[in-house]
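Shown next, in C-alpha cells, is the structure this report addresses.
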Amino acid sequence: MWPVRRNALKNQAVLLERNRGIVRENLKVLEEWVHQQPHITWLKPKAGTTALLYYDFDLPSTIFCDRLMKEYETLLVPGSCFDIENSLRIGYAFETTHLRDGMNQLGKFLAKLEQEAR
C-alpha cells in the first residue's frame, strides 16, 4: 500500500471531518449567493457536494456554459447533460475562496446576460 494511502486511512476521521466542514461552509456560501441572484433558483441539497442551479434566460445550457467558460474562465456543467435544460450543475467541495471567485464570475456573466436581454 502506498504511504499516502496508508496515512489517509489512519487519519480518515480527521480527513472526513475536515472535508465535511468545507462542504458545510461552502453550502452556506452558495446559499447566500443564490438568494442574491434574481435569475437563479435552486432546491437546496440535503446531502452531497453538488447542486443544480436553474436560470431564467432563454439560452440553452450548453451555450450558457460555453460562453461562461470562454468569457469568464468559469466552468459549470450544463443541465442538458442530465436532460434538465435551463440548469447548471455546480460543485462546492473545494476551497471557499475558489468557490467565491467562481460565483463572482458567474454573477458578472448573469448581469451581462440581463443587459443583453434588454
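Table for the structure above
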| quantity | calculated |
| --- | --- |
| Span-rule helices in the chain, defined as complete DSSP H runs reaching 30 Å or more along the axis (Cα) with Kyte mean at least -1.0 | 12-35, 96-117 |
| Structure-derived percent of Cα pairs over 20 Å apart - corresponding label in (1) 47; (2) 36; (3) 41 | (1) |
| Total lysine pairs whose alpha carbons fall under 24 Å of each other in the chain (8 or more apart, or interchain) | 6 |
| Charge dipole (the range 3-117, unit charges on Cβ, about Cα centre) - positive-most of TYR92, THR62, ASN104 | TYR92 |
| Value of relative contact order over the chain, rounded to a whole percent, pairs C-alpha under 8 Å and six or more apart | 25 percent |
| Loop chymotrypsin sites (Phe, Trp or Tyr not before Pro), the range 20-118 (other Cβ atoms within 10 Å of the site Cβ: 16 or fewer; DSSP) | PHE57, PHE94 |
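No lab work stands behind these numbers, since they all come straight from the coordinates. Note that this is a predicted model, so its numbers are computed, not measured. Here Cβ is always computed from backbone atoms with ideal geometry, including for glycine, and neighbour counts include all displayed protein chains.
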